[in-house]
1. If amide H atoms are built 1.01 Å from N in the plane of the peptide, which residues on other chains or at least 5 residues away come under 5 Å of the amide H of G28?
2. For region 6-22, in order, what is each residue's ³J(HN,Hα) by Karplus, 6.51 cos²θ - 1.76 cosθ + 1.60 with θ = phi - 60°, in whole Hz (x at glycine and Pro)?
3. P(r) tail for region 14-92, what percent of Cα pairs lie past 22 Å?
4. Say the dipole of region 55-127 comes from +1 at the beta carbon of Lys and Arg and -1 at that of Asp and Glu; which of I115, S87, S63 then lies farthest toward its positive end?
5. Taking loop as defined by DSSP and a crowding limit of 16 other beta carbons within 10 Å, which GluC sites (Glu not before Pro) in region 1-108 fit?
6. If contacts are Cα pairs under 8 angstrom and at least 6 residues apart, what is the relative contact order of region 6-52 in percent?
7. Which shape class, rounded, prolate or oblate, goes with the chain when its Cα gyration tensor gives a ≥ b ≥ c as root eigenvalues, a/c under 1.5 marks rounded, and past that a/b bigger than b/c marks prolate?
8. Label-point separation (nm) for D93 and K54, each offset 7 Å from Cα along Cα-to-Cβ?
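Any read-out appearing in this document is the output of simple, stated calculations on the displayed coordinates, not a laboratory observation. Please read these numbers as outputs of a predicted model, since none were measured by experiment. Backbone-built Cβ (ideal geometry, glycine too); neighbour counts: all protein chains shown.
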Amino acid sequence: MKTVEFKDVVSISGMGGLFATVAQRPNGMIVRALGEEKSKLVSNRIHTFSPLDKIAIYTEDDSIPLIDVMRAMLTADTEQNNAPVSSKASSSDLKKYFRSILADYNEERVYVSDIKKIIKWYGILKDHDLILFEDPAEDDAEGGDEEE
């Protein structure tokens, strides 16, 4: 099975979980659920596709890419003993956790439902060993000598 990269992971409206993009078609997208082998065509007439690498979280001043939030969650989870709360936790607990990850997130524009979704997505990515959140700048620095 092909290695899934963060840029290939999508959320699909009306369908639970996360999916890996296999191919695009004029009438939709061929995807497979993470951790599964079987792929299927999902119609773009019925569903909306949200690539995770195109999602940003509002902060007080600007926005931050979702991958950076996921990196912060991973660091908090593995290095700071601050595992994500359950996505079914109370609103105040969800906000408190998210504030510990992203101190300046915009509470007026980032809803509790968004926080729940992000926590669920983090769990799915982690469960499928798809937390491939290496910093692209680090990859460029390591491979940069080959191009010269």
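1. Excluding prolines and chain starts, which carry no amide H, the hits are N44.
2. Result, rounded to whole Hz: 3, 5, 9, 8, 10, 9, 10, 4, x, 10, x, x, 10, 9, 9, 6, 9.
3. Percentage above 22 Å: 46.
4. The one lying farthest along the dipole's positive direction is S87.
5. Here the sparse-neighbourhood loop sites are E5, E36, E37, E60, E107, E108.
6. Contact order relative to length: 40 percent.
7. oblate
8. Each label point lies 7 Å from its Cα, and together they span 3.5 nm.
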